[in-house]
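The values are calculated or read from the model by the stated rules, or taken from the named source; none is laboratory data. This structure is a prediction, so every number in the text was calculated from the model and none was measured. Positions of Cβ are generated from backbone atoms using ideal geometry, with glycine treated the same way; all protein chains shown enter the neighbour counts.
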Amino acid sequence: MAFDPQQQEEKTGVAQPTKEERTLHAKEEREALEAERIYRRGITTLRDLIAPAAMKVEADHLRLGTKYLRTLFVTNYPRYIEVGWFSPIINFPATLDIAMFFYPLPAELVLKQLKKKVGTLQAQINADTESGKPRDPKTETALRDVEKLRDDLTQGTEKFFQFSLYVTIYSKTKEELDTLSEKLDLIFGARLVFARKVLYQAEQGFNSTIPIGNDELMVSFNMNSSPCASSFPFISSDLTSDNGILYGINRHNNSLILFDRFSLQNANMVVFATSGAGKSYAIKLEVLRSLMLGVDVIIIDPEMEYKHLSDAVGGTYVNISLASDSKINPFDLPRAVGAEVDTEDIIRSAVITLKGLVRLMLGDLSHTEDALVDRALLETYAKKDIVPGVDLSRVEPPVMQDFQSVLQGMVGGEGLAERLKKYTEGTFAGLLNSPTNVDMKNQLVVFSVRDLEDELRPIAIYNIVNYIWNVVRSQLKKRLLVIDEAWWLMQYDDSAKFVFALAKRCRKYYLGLTTITQDVNDFLRSTYGQAILSNSALQLLLKQAPSSMELIQKTFNLTQGEKYLLLESGVGEGIFFAGNRHAAIKVVASYTEDQIITSDPQQLLEIQDAKKQFSETAEGK
């Protein structure tokens, strides 16, 4: 039965819509539902919120909203590439998207291809030999590389991949985009890595570097595991902290290397460098900046390099020599040792240290002589009422003459006493036979041993270090001890053992030990040298000599790139290690700091001339 609007209207008394009106209403409902569906989809889809307003594809770049984009892809690599070569790209001062794609290849397929390549290369070498042509190093090198790769693939130590690397650059203008592209191209080219700009594939390049994992460019290079790993991007070292002093500039990313050595498990540091590489300059800069933070600094200066620094900051400069008025008594003991320290241990420790000094003075001792020296030292202290339980702050320590007298009166000690006379009555009498008169109350104290003969220098440095150690133990305070040219002490077992014990124990007394040496081979081949290095949380390596580079690389587990960096570094450039982190460093000083810490003879003469002219002008006025 058909619907009749007129009959329905007569029954209900309400006007019914016409067919046209019903059609229009249904259309409006459909449009409303479609609008609702579109609206719902818009508010629930993330891409509608983050998508740019427009995209324009050009031949070699892409315009995304107000940004300009360009993708570069790598097409070729050199035969050798260092670990971390990609770091300058990672730290490039611009917005970049980087994508790496690794496509594993079956080892069987690669070995089959390599076998054919070996046959081709071998045939070419044989043909050149038979025809009398000169050998081709390029072909021979390629053959060795292929053979090594075959061995590694067969043994499973290497895998083979097709590796794709793309970099997309973002900029605000087309001109800036071209400039950034040229800079990136130069960085790649400096490492013999060849990169190209996309052409007529700008959209595919952009799609390949957004984080969806689609490689739409498909430009790859055959590589095994090791060179692939060298492109690992997350290697930029950062040694910036909130506290500490400025050691230099991070050459990886131009950030500042700010560090507090006392924040590590110990505050010890070793510095290795060739002569003229800037090791003393770097340490003087650290000393100057540490003084500003209230740290006390004690320095053993073998070449009078720290005199200018000491004069500039008002430090105490102590010249230790046979004719000097400054004296250090090797029999001194720590004074304010505290109630918790047993004086018997203090005396025993002093005797052990003095035995090491006696061995340096007299040479090797037999077992009988060693026992005599031990007994004579205890008796020497006892004659001055220095015995267990005594108040050490009220006693007067003996001198070397007292020790000689005790030996002279002991059966079997006459020979030792006779050998000791040159240090009490003979040529060397002015060095070790007087009470201590050195003032250690200044914030910077420098001990100079330049005017000592080579024979006496290890003895004097040993005695100075022992005296400093007594001072350190007497009062807990934040201090640095710098031993320049530490190889003087590492030549002898007793002195090397003493420095090692110092490196182990100084943390308890808030002391940071810095050992500087240019004789790297002797230092590292010494058992105690290795132990001192193991007990030093900081290491600074500056320019190295080729003769010691192999040992340095093995000791510090350096990469090939780091090895070449140390061989080719300029003055004040090297690698700074702090705990488990390290970074390439360039030591940088301000003009004023440079004038204070310089060791350049010409620069020092110019400074002296300027001071002389100033004083003459002042007197004339």
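Structural remarks
- Helices (runs of 4 or more DSSP H) within the range 156-258 that include 2 or more residues crowded, with 18+ Cβ neighbours inside 10 Å and among the hydroxyl-bearing types (S, T, Y): 202-209
- Unmet requirement for S393, which otherwise passes all of (1) outside any loop (DSSP other than H, G, I, E, B); (2) in contact with a helix residue (DSSP H, G or I) (Cβ under 8 Å, 6 or more places away or on another chain): (2)
- Criterion violated by T71 - all others in (1) under 25 Å from N253 (Cα atoms); (2) surrounded by fewer than 13 Cβ atoms within 10 Å (Cβ to Cβ); (3) at pLDDT 85 or above satisfied: (2)
- Residue match in the range 503-513 (condition: buried (at least 23 other Cβ atoms within 10 Å of the Cβ) and hydroxyl-bearing (S, T, Y)): no
- Selection count where residues are in contact with a Pro (Cβ under 7 Å, 6 or more places away or on another chain) and modelled with pLDDT of 90 or more, scope the range 154-186: 0
- Answer residue from the range 259-282, given it is of a type outside the set (V, I, T) and part of a strand (DSSP E or B) and is modelled with the lowest pLDDT among those: F259
- Scanning the range 300-314 for residues that are over 7 Å from D484 (Cβ atoms) and among the hydrophobic types (A, V, I, L, M, F, W, C) yields M304, L309, A312, V313.
- The condition of being in contact with a helix residue (DSSP H, G or I) (Cβ under 8 Å, 6 or more places away or on another chain), under 24 Å from F232 (Cβ atoms) and not β-branched (V, I, T) holds for only one of P104, P88, that being P88.
For every residue, the table says whether it meets (1) under 25 Å from M361 (Cα atoms); (2) without any contact (Cβ under 8 Å) to a residue 40 or more places away in the chain; (3) of a type in the set (K, R).
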{"site": "A501", "(1), (2), (3)": "yes, yes, no"}
{"site": "L533", "(1), (2), (3)": "no, no, no"}
{"site": "A537", "(1), (2), (3)": "no, no, no"}
{"site": "L541", "(1), (2), (3)": "no, no, no"}
{"site": "S547", "(1), (2), (3)": "no, yes, no"}
{"site": "L551", "(1), (2), (3)": "no, yes, no"}
{"site": "Q560", "(1), (2), (3)": "no, no, no"}
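- Residue check for L377: out of contact with any strand residue (DSSP E or B) (no Cβ under 7 Å at 6 or more places or on another chain), part of a helix (DSSP H, G or I) and modelled with pLDDT of 90 or more: yes
- Considering only residues in the range 431-485 that are acidic (D, E) and within 31 Å of the chain's Cα centre (by Cα), the one that is modelled with the lowest pLDDT turns out to be E485.
- Selection from the range 566-616 of residues that are among the β-branched types (V, I, T) and either farther than 22 Å from A537 by Cβ or touching a Cys at 6+ places or on another chain (Cβ under 6 Å) (or both): V571, V588, T592, I596, I597, T598, I607
- Candidates M410, M440: the one that is aliphatic (A, V, I, L, M), in a loop (DSSP other than H, G, I, E, B) and in contact with a Lys or Arg (Cβ under 9 Å, 6 or more places away or on another chain) is M410.
To keep it simple, each residue is scored yes or no on (1) closer than 21 Å to G244 by Cα; (2) assigned by TED's automatic domain parsing to the domain that holds I483; (3) surrounded by fewer than 19 Cβ atoms within 10 Å (Cβ to Cβ).
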site	(1), (2), (3)
L264	yes, yes, yes
L285	yes, yes, no
I352	no, no, yes
V358	no, no, no
S366	no, no, yes
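- Of the helices (runs of 4 or more DSSP H) that lie entirely inside the range 486-581, those containing 1 or more residues that are modelled with pLDDT of 85 or more and closer than 13 Å to N266 by Cβ span 493-505, 527-534.
Here is a yes/no grid of residues against (1) in contact with a Ser or Thr (Cβ under 6 Å, 6 or more places away or on another chain); (2) assigned to a loop (DSSP other than H, G, I, E, B); (3) basic (K, R):
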{"site": "K284", "(1), (2), (3)": "no, no, yes"}
{"site": "Y317", "(1), (2), (3)": "yes, no, no"}
{"site": "P330", "(1), (2), (3)": "no, yes, no"}
{"site": "D345", "(1), (2), (3)": "no, no, no"}
{"site": "R348", "(1), (2), (3)": "no, no, yes"}
{"site": "G356", "(1), (2), (3)": "no, no, no"}
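- The number of residues in the range 166-181 being of a type in the set (F, W, Y) and under 32 Å from the mean Cα position of the chain (by Cα) comes to 1.
- S263, sole failed condition from (1) over 28 Å from K563 (Cα atoms); (2) polar (S, T, N, Q); (3) touching a helix residue (DSSP H, G or I) at 6+ places or on another chain (Cβ under 9 Å): (3)
- Note on the range 17-45: among residues that are under 30 Å from I210 (Cβ atoms) and assigned to a helix (DSSP H, G or I), the one that is modelled with the highest pLDDT is R37.
- Across the range 452-471, a minimum of one residue is classified as outside the structural domain of T424 (by TED's automatic domain parsing), among the basic types (K, R) and assigned to a helix (DSSP H, G or I).
- L476 outside any loop (DSSP other than H, G, I, E, B) and not charged (D, E, K, R): no
- As for the range 305-315, it holds no residue that is of a type outside the set (A, V, I, L, M), buried (at least 20 other Cβ atoms within 10 Å of the Cβ), within 20 Å of K497 (Cβ to Cβ) and out of contact with any Lys or Arg (no Cβ under 7 Å at 6 or more places or on another chain).
- Residues being out of contact with any Ser or Thr (no Cβ under 6 Å at 6 or more places or on another chain) and either of a type in the set (A, V, I, L, M) or closer than 25 Å to Q204 by Cα (or both) - total across the range 91-120: 17
- A single entry from D296, D370, D342 fulfils the requirement of being out of contact with any His (no Cβ under 9 Å at 6 or more places or on another chain), acidic (D, E) and buried (at least 20 other Cβ atoms within 10 Å of the Cβ): D296.
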